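Everything on this sheet refers to the single structure shown next.
The values are calculated or read from the model by the stated rules, or taken from the named source; none is laboratory data. A quick note: this is a predicted structure, and the numbers were derived from the prediction, not measured. Cβ sites come from the backbone with ideal geometry, for glycine too, and all protein chains shown count toward neighbours.
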Amino acid sequence: MRISRLYVDQTLAEGMMLQLDPDAAHYLRNVLRLKKGFQLTVFNGQGGEYSATVSGVNRKAVEIHVNTWENVNIESPLAIELGLSVSRGERMDVAIQKATELGVTTITPIITQHCVVKLTEERRLQRHQHWQNIVYRACEQCGRNVPPTLNVTTDLAQWLDGDLSTSRIIFEPGKNDSLKTHDQPSDGVAVLIGPEGGFSEQEVLDAEHASFSALGFGPRVVRNETAAIASIAAMQVLWGDMG
């Protein structure tokens with residue numbers, strides 16, 4: 001029987017009795033449906049994981065006993081910074097979930113010219129919390145103990161002007177160069193994935209002026225979430241820990 005994993009945004013230490021915060025308690029009680037005496041693994045993103053035992057479950061609180069710490073680290077040696085143009089509904093959810101499972105280090109949702117999604121400031125914060133929960137659930141599923149950093153949605157110009165890896169890639173239809181011909185990154189890689197409507201010509205030029213290499217992605221046009229998943233997987237095979 002597989003041991004359930006649970007992310008908790010709380011301090012953890014061997015031997016402590018911990019009352020879970022409301023979100024974690026709800027997830028353990030109503031989603032994982034764990035009862036008193038069940039074993040689980042907990043982690044808080046600070047590295048490593050703890051074995052734990054459910055010591056009490058009721059409608060008001062869930063308590064666990066934290067057991068031993070294990071230094072489990074399955075982080076990729078390749079640091080991937082993903083700039084992901086915001087897409088609609090489940091497409092964005094899937095891209096963030098799979099990017100997390102594939103080992104990205106940082107995810108930044110980006111508003112581009114042809115984005116079909118328009119976000120107010122309040123909506124940006126709501127979406128951020130929703131996507132953050134997707135990241136945590138994906139880490140629980142795939143075994144990662146260090147969730148990727150999820151930045152608040154920003155504009156493309158601000159992201160391009162940020163402190164990114166020196167190796168920078170944007171995918172654009174019709175380009176002859178590909179990942180196979182690209183030099184192996186020395187300090188990680190920043191990859192920019194376009195929206196459902198594609199990048200504007202100016203956005204591609206802006207990215208190239210910011211030292212992004214425009215690469216092709218094969219003969220077929222793929223959707224936003226497919227491009228994110230496939231490109232990350234390809235980079236992990238070429239330069240990371242998949243193969």
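Annotations for the structure displayed:
- Some residue of region 28-36 being among the polar types (S, T, N, Q), touching a helix residue (DSSP H, G or I) at 6+ places or on another chain (Cβ under 7 Å) and assigned to a helix (DSSP H, G or I): no
- Put simply, of 95, 24 the only residue that is touching a residue at least 12 places away in the same chain (Cβ under 8 Å) and under 30 Å from residue 187 (Cα atoms) is 95.
- Some residue of region 210-224 being over 24 Å from the mean Cα position of the chain (by Cα) and closer than 25 Å to residue 117 by Cα: yes
- Scanning region 9-45 for residues that are surrounded by 14 or more Cβ atoms within 10 Å (Cβ to Cβ), at pLDDT below 95 and under 12 Å from residue 63 (Cα atoms) yields 24, 25, 28, 29, 34.
- The set of residues in region 116-139 that are without any contact (Cβ under 8 Å) to a residue 40 or more places away in the chain and part of a loop (DSSP other than H, G, I, E, B) comprises 117, 118, 119, 120.
- Residues in region 129-146 that are over 25 Å from residue 2 (Cα atoms) and in contact with a Leu (Cβ under 7 Å, 6 or more places away or on another chain): 131 only.
- The criterion of at least 3 residues that are within 14 Å of residue 108 (Cβ to Cβ) is met by the following strands (runs of 3 or more DSSP E) wholly inside region 140-237: 189-193.
- Test set (1) of a type outside the set (Phe, Trp, Tyr); (2) under 29 Å from residue 205 (Cβ atoms); (3) within 13 Å of the chain's Cα centre (by Cα) - residue 142 fails condition number: (2)
- Of all residues in region 208-243 being touching a residue at least 60 places away in the same chain (Cβ under 8 Å) and of a type in the set (S, T, N, Q), the one that is farthest from residue 192 (Cα to Cα): 236
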